[in-house]
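*Asks:* Supplied in C-alpha cells, the structure appears directly below.
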Ligand SMILES: O=C(O)[C@@H](CO)OP(=O)(O)O
C-alpha cells in the first residue's frame, strides 16, 4: 500500500479578491500563509513524513510547500518544480472578477468555465502580455506546450504525462511523496486517480490548505482517499471555493 499526499496551496491574494488566476503568479494572502501552517500542523499531528516533494512553478504553491516542509522539519528533502503542475490556464478570464463575470454572463456560463470538463475559457490573444510566452519561466517550452487557455481536459493532458513519467515511478519505489499544487491541476489528477466521469467532475471542488491523502495499491490504483481535517472544517473550506462567484462570498 502506497500513500500519496496532495495539497492545494493556501488562499492566494487573487482567491481573496475573487479573481480568475490561472498562470498568474500571485502570492499567498495572510490567510493563505496561515492555511499552509495549518496543513503542516495536520500532517505533523498525524505523523506524515516525506522523501520527496513536487510543486508547480507558481509561488503560491511553492511557498505553501516551503512553509509545510519548514514546519515539519523536512526542508532538506529533494523538491521538484514543474510547469505541468501549474494551475489550469484561465485564458482571457485571468485577472477578472468571478462574481462580476457571473453577473455579466450568468452563473451557468461561469460554472461551465470553472468546472466543466471540456469547455475552455476564451483564449488570450497571442500578443496579450499575459501570454506565458513573455514570461521567462516558460522560455524553454515549445510553442505547442504554451497554453492560451485550457479546459480541465487540457490540464489533465499536460499533468498526467509528468505524473506518469516522474511522480508515479518514485511512489512505486516506495518514496513518500507530497504534491503541492492547485485547485484544477489537482482536480485533473484526482479525476484520473478516482476515475471520475466527465459528468461528475463539475461537482468536485478542492479546498485550499487541507492535505488530501490517497492510498494506492501495488499498481497505483486508488483504493481510498481522505482529507486530514474534520468534516466541518472541510465543508466550510469547500463552500468557500464554490461561493467565489457570489458577490459577498465570505
Ligand atoms: O482562479 C483560478 O485559477 C482557480 C483556482 O483559484 O479558480 P477556480 O476555483 O474558479 O477554478
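*Asks:* Calculate how steeply helix 59-71 sits against the longest principal axis of the alpha-carbon atoms of the chain, using the helix alpha-carbon long axis, and give the answer as 0 to 90 degrees to the nearest 10.
*Replies:* 20
*Asks:* From the P(r) of segment 58-155, could you give the percentage of C-alpha pairs in the tail past 17 Å?
*Replies:* 61
*Asks:* Given the alpha-carbon gyration tensor of the chain, what are the semi-axes of its equivalent ellipsoid in whole angstrom, ordered largest first, with each equal to the square root of 5 times an eigenvalue? Provide the component values of the computation, followed by the final result.
*Replies:* On the way: eigenvalues 144, 84, 65 Å².
Listed largest to smallest, the semi-axes of the chain are 27, 21, 18 Å.
*Asks:* Between 0 and 90 degrees, rounded to the nearest ten: what's the tilt of helix 152-162 against the longest Cα principal axis of the chain?
*Replies:* 40
*Asks:* Give the separation of the Cα centroids, segment 189-212 to segment 1-20, in Å.
*Replies:* Rounded to whole Å, the Cα centres lie 13 Å apart.
*Asks:* Dividing the Cα convex hull volume of segment 135-207 by residue count, how many Å³ per residue is that?
*Replies:* Working: hull volume 9.3 nm³, N = 73.
Convex hull of Cα atoms, per residue: 127 Å³.
*Asks:* Also, I was wondering about something else. Let me have the 222 nm mean residue ellipticity of the chain computed from DSSP H runs of 4+ only, each contributing -39500 (n - 2.57), with the sum over all residues rounded to the nearest 500.
*Replies:* Computed mean residue ellipticity for the chain: -10500 deg cm²/dmol.
*Asks:* Across every pair of different alpha-carbon atoms, what Kirkwood hydrodynamic radius in Å does segment 7-60 reach?
*Replies:* Numbers: mean 1/r = 0.0819 Å⁻¹.
Over segment 7-60, the inverse of the mean reciprocal pair distance is 12.2 Å.
*Asks:* So, in nm, how far is label residue 143 from label residue 27 when the simple model puts each one 7 Å beyond its Cα toward the Cβ?
*Replies:* 3.7
*Asks:* Given a 10 angstrom Cα cut-off, can you work out which residue in 13, 108, 150 is the most mobile in a GNM of the chain?
*Replies:* Sorting by GNM fluctuation, first place goes to 108.
*Asks:* Highest mean first, what order results for 190-201, 152-163, 135-146, 32-43 on Cβ atoms within 10 Å?
*Replies:* Those peptides, ordered most packed to least, come out 32-43, 152-163, 190-201, 135-146.
*Asks:* Taking only Cα atoms, what is the 0 to 90° angle, nearest 10, from helix 231-242's long axis to the longest principal axis of the chain?
*Replies:* Roughly 30 degrees between the two axes.
*Asks:* Hey, another quick one. Peptides 16-26, 216-226: what's the order by average Cβ count within 10 Å, highest mean first?
*Replies:* Descending packing order for the listed peptides: 16-26, 216-226.
Quick note: the coordinates plus some simple rules give every number you see, no bench work behind them. All values reported here derive from a predicted model rather than from experimental measurement. Ideal geometry is used to build each Cβ from the backbone, glycine not excepted, and the neighbour counts take in all protein chains shown.
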